[in-house]
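A.B. asks: Here it is, the structure in full.
The values are calculated or read from the model by the stated rules, or taken from the named source; none is laboratory data. This is a predicted model, so every value here is computed, not measured. Counting neighbours? That spans all protein chains shown, and the Cβs are built from the backbone with ideal geometry, glycine included.
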Amino acid sequence: MNWKRSVLAFAGGALIFGATVAPCPAVAAADEPLLQQFQEQLNHEWFTLGALLQFVGSSDFTEEGPRGFEIANLRVKLKGRFDSGYSYAFQLNLHKSSTLLDARMSYEFADGHYLDMGAFKAPFSAEALTSSSAIDFVNRSVVVNMLAPGRQIGVGVRGSGSGGMTYAGGVFNGNGVTANGNDDNEFQFVARTALERSAGSAKIVAGANASYEMMETAARFRNDIESETILGGDVRVEQDRFLVAGEYVFRMQELMTGSTDPEAHGFHATGGFMSSERTQVLARFEGYTANRDDTDMVYYVTGGFNVWPTSVTEFQVNVVFPTEGDFEDGQLLVNAQVAF
């Protein structure tokens, strides 16, 4: 099959079968009366229902390359707040065999300051902490997927201070949420602080992240790692219709022999423009290597186009290319989602 014909057929199928779909720029409630009625009936301080359905199609630009469709997410979220500062949040992903995403109990011990217990995202990386329904592209950056701690089981604190400063930190098992227990009897310590400032029509958010874990047995990856440190920083600037964002993360592992393992690191940088109230064009440049030697770094360029038909629906079209290689090494991604 001709690759051009394959891509066109694929893209059309994605749009036809994914007919509904990420938070949109502000839309007047009067424009969406059914959504307003839904929110009035089901959204309360003590109980709020949310859901995310994402349908993704992908195709490599090769004759024999993988292509197809998938339900990327089918999530249901319940959250609410009760008396004396207690609250809860549950989130399930119903299309996977392991469905637990978030199961968090929270206590507001002071105004704007919370104690969290359960399973939730470790406070590292603005992109990792952004909901899947609200990220700029179909997929998060390679470096965030590879190095950010992601969801963990543990205890954390978070809050906000004066001048737009926020903080979060926690102690976690360090082995995700699929295993309901600690696989090496060591804890992972994760912390993040961020500052949000406004200047005229510009909003600036900058954050710093850190993670440290002893790995006496390192059951997950290899048996010669004594400790792991992950550091990173991110910034996002939005002004009028323009967006600029970037992040850098690196990981250092100390071996039991006393030497230091080559440091994995990477970055991503994004520029975007709201071409209308409901459409956005974006471009991302990113790189990642598992070795500190930059000669091994692989770079990717992603072009994106987002459309919000309503405040709860979104279509995303991405084209991804490695900077080294042929045109056929690229990939087309189409995401259609409904999120509320």
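Okay, residues lined up against (1) of a type in the set (S, T, Y); (2) modelled with pLDDT of 95 or more; (3) surrounded by 15 or more Cβ atoms within 10 Å (Cβ to Cβ):
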{"position": "T193", "(1), (2), (3)": "yes, yes, yes"}
{"position": "A206", "(1), (2), (3)": "no, yes, yes"}
{"position": "F221", "(1), (2), (3)": "no, no, no"}
{"position": "G258", "(1), (2), (3)": "no, no, no"}
{"position": "H268", "(1), (2), (3)": "no, yes, yes"}
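A.B. asks: Can I ask one more? How many of the residues in the range 123-168 are within 18 Å of the chain's Cα centre (by Cα) and under 28 Å from T270 (Cα atoms)? Write out each step before concluding.
C.D. replies: If we filter the range 123-168 for residues that are within 18 Å of the chain's Cα centre (by Cα), which is where we start, we get 123-153, 168.
Next, only the ones that are under 28 Å from T270 (Cα atoms) stay: 123-152, 168.
Result for the range 123-168: 31.
A.B. asks: When only residues in the range 127-137 that are outside any loop (DSSP other than H, G, I, E, B) and in contact with a helix residue (DSSP H, G or I) (Cβ under 9 Å, 6 or more places away or on another chain) count, which is nearest to L74 (Cα to Cα)?
C.D. replies: A128
A.B. asks: Could you tell me whether the range 275-286 includes any residue that is over 18 Å from the mean Cα position of the chain (by Cα), among the β-branched types (V, I, T) and surrounded by fewer than 16 Cβ atoms within 10 Å (Cβ to Cβ)?
C.D. replies: yes
A.B. asks: State whether one or more residues within the range 289-301 are more than 30 Å from E213 (Cβ to Cβ) and in contact with a strand residue (DSSP E or B) (Cβ under 9 Å, 6 or more places away or on another chain).
C.D. replies: yes
A.B. asks: While we're looking at this one, here's another question. From the list V157, V144, pick out the single residue that is under 21 Å from E108 (Cβ atoms) and among the hydrophobic types (A, V, I, L, M, F, W, C).
C.D. replies: V157
A.B. asks: Quick one: count up the residues across the range 96-118 that are over 23 Å from S160 (Cβ atoms) and either in a helix (DSSP H, G or I) or in contact with a strand residue (DSSP E or B) (Cβ under 9 Å, 6 or more places away or on another chain) (or both).
C.D. replies: 5
A.B. asks: Could you list, in sequence order, the residues of the range 147-159 that are in a strand (DSSP E or B) and modelled with pLDDT of 95 or more? Walk me through it before giving the result.
C.D. replies: We begin by selecting, within the range 147-159, every residue in a strand (DSSP E or B); these are 151-159.
Of everything in the range 147-159, those that are in a strand (DSSP E or B) and modelled with pLDDT of 95 or more turn out to be V157, R158, G159.
A.B. asks: Here's another thing I want to ask about it. State which residue pairs qualify: first residue of a type in the set (K, R) and inside the range 105-129, second residue at pLDDT 95 or above in any location, beta carbons under 6 Å apart, and separation of 6 or more residues or different chains.
C.D. replies: Sorted first by the residue in the range 105-129, then by its partner, the pairs are K121/L129.
A.B. asks: I'm trying to understand the selection: among the residues of the range 281-303, which are in contact with an Asp or Glu (Cβ under 7 Å, 6 or more places away or on another chain) and either outside any strand (DSSP E or B) or not hydroxyl-bearing (S, T, Y) (or both)?
C.D. replies: L282, R292
A.B. asks: Within the range 312-340, count every residue that is in a loop (DSSP other than H, G, I, E, B) and of a type in the set (V, I, T).
C.D. replies: Total satisfying the criteria: 2.
A.B. asks: Another question, if that's okay. Collect the residues in the range 72-89 that are aromatic (F, W, Y) and touching a Lys or Arg at 6+ places or on another chain (Cβ under 7 Å), keeping them in residue-number order. Quick ask: steps written out before the conclusion?
C.D. replies: If we filter the range 72-89 for residues that are aromatic (F, W, Y), which is where we start, we get 82, 86, 88.
Within the range 72-89, just Y88 meets the criteria.
A.B. asks: Looking only at the range 309-329, decide whether some residue is surrounded by 13 or more Cβ atoms within 10 Å (Cβ to Cβ), of a type outside the set (A, V, I, L, M, F, W, C) and in contact with a His (Cβ under 8 Å, 6 or more places away or on another chain).
C.D. replies: No, the conditions are met nowhere in the range 309-329.
A.B. asks: Another one. From the residues in the range 159-178 that are of a type in the set (A, V, I, L, M) and more than 18 Å from M214 (Cα to Cα), which one is surrounded by the fewest Cβ atoms within 10 Å (Cβ to Cβ)?
C.D. replies: M165
A.B. asks: I'd like to verify a number: residues in the range 98-119 that are more than 13 Å from V157 (Cβ to Cβ) and among the polar types (S, T, N, Q), how many?
C.D. replies: Residues in the range 98-119 being more than 13 Å from V157 (Cβ to Cβ) and among the polar types (S, T, N, Q): 2 in total.
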